[in-house]
Amino acid sequence: MSALAHDGLAMTGRQLRRVRNSPGLAVLTQMMPINMLLFFGYVFGSALAMPGREYRAFLVPGLLVATAAGGLMTGMFQAAADTHRGVMDRFRSMPVSRAAVPLGQAAADLAVTAVGTVPLLLVGLAVGWRIEGSAIDAAGAVGLLLLFRFACTCAGIFLGLLTRSEDAAGQLGASSFVLPLLSDAYIPTDHLPGWLRTLADWNPISAVTTALRDLFGNAPVPPDSAWPVAHPVAGALTWSLALVAVFLPLAVRRYSRGE
């Protein structure tokens, strides 16, 4: 365990130095959800039945979760790049804990995400979003958000190790952009056709988004939803823990075998 902790911290530091050495990329990554908040909030918000401020308050939790789901793409691309450039082979030739490499990458991503969420929250406050619930519920919402980011990053690391190609990871990661669109992150799903609403309700992003809206006090749980959305906190926890339970062992196994 001590070796895992020591090696994991070293790998986390390596990933954080990678972010520090690419400040422009980090800034652009954080600007994307802010741009989407301003564009969707003022363009789409004027066309929806919700008043503009109410829609922007509805939108902020959705953008937080959509950004967290981006851990799938980030984890996949970084793992594929390290594999393609032989970095993973070099780590395997060293006396480094097998679990430390994927865990270090996921931990560093979590730290960067936690810091990077602050500007989006500040812009959200500026355009009308508020925490209407208790401080404990808000802390729970942030915890759920980070757990979901960790789960998505674990899934991305496994897929990156599987593809072993930056180009393939880039194409696959770009296709994941559609996942938030098939959820309630940007718009309510009440008026979707039955089969499409069922698909959206069972999307993990919908459960986590609804949980954040419920805990922040921004919107009630929509009626007649599938179980993960009707019980959003339990649904978000179940989805996140299930993703971690499946993809973290797979990522460690894939890295250890080096196939």
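A few points about this structure:
- A single member of ILE157, ILE187 is farther than 26 Å from TRP129 by Cα and either at pLDDT below 90 or not polar (S, T, N, Q) (or both), and it is ILE157.
- Pick from the stretch 133-170, criterion β-branched (Val, Ile, Thr) and open to solvent by less than 10 Å² (accessible area, probe 1.4 Å), ranking: nearest to ALA207 (Cα to Cα): THR153
- Residue pairs meeting the criteria (Cβ under 8 Å; at least 6 apart or on separate chains; first closer than 20 Å to THR117 by Cβ and at pLDDT 80 or above, in the stretch 31-58; second in a loop (DSSP other than H, G, I, E, B) and open to solvent by 90 Å² or more (accessible area, probe 1.4 Å)): ALA57/ARG130
- Qualifying residue in the stretch 192-209 (condition: closer than 25 Å to LEU125 by Cβ and surrounded by fewer than 18 Cβ atoms within 10 Å (Cβ to Cβ)): no
- Qualifying positions in the stretch 175-191 - open to solvent by less than 60 Å² (accessible area, probe 1.4 Å) and either within 21 Å of TYR55 (Cβ to Cβ) or outside any loop (DSSP other than H, G, I, E, B) (or both): PRO180, SER183, ASP184, ALA185, TYR186, PRO188, THR189
- Number of positions in the stretch 88-144 that are part of a helix (DSSP H, G or I) and over 21 Å from THR29 (Cβ atoms): 17
The values are calculated or read from the model by the stated rules, or taken from the named source; none is laboratory data. For clarity, every value in this text was computed on a predicted model and none was experimentally measured. As a convention, Cβ positions derive from the backbone with ideal geometry for all residues, glycine included, and neighbour counts pool all protein chains shown. What goes into the accessible areas is simple: the full protein's heavy atoms, side chains included, and nothing from ligands, DNA or RNA. Shrake-Rupley method; radii C 1.70, N 1.55, O 1.52, S 1.80 Å.
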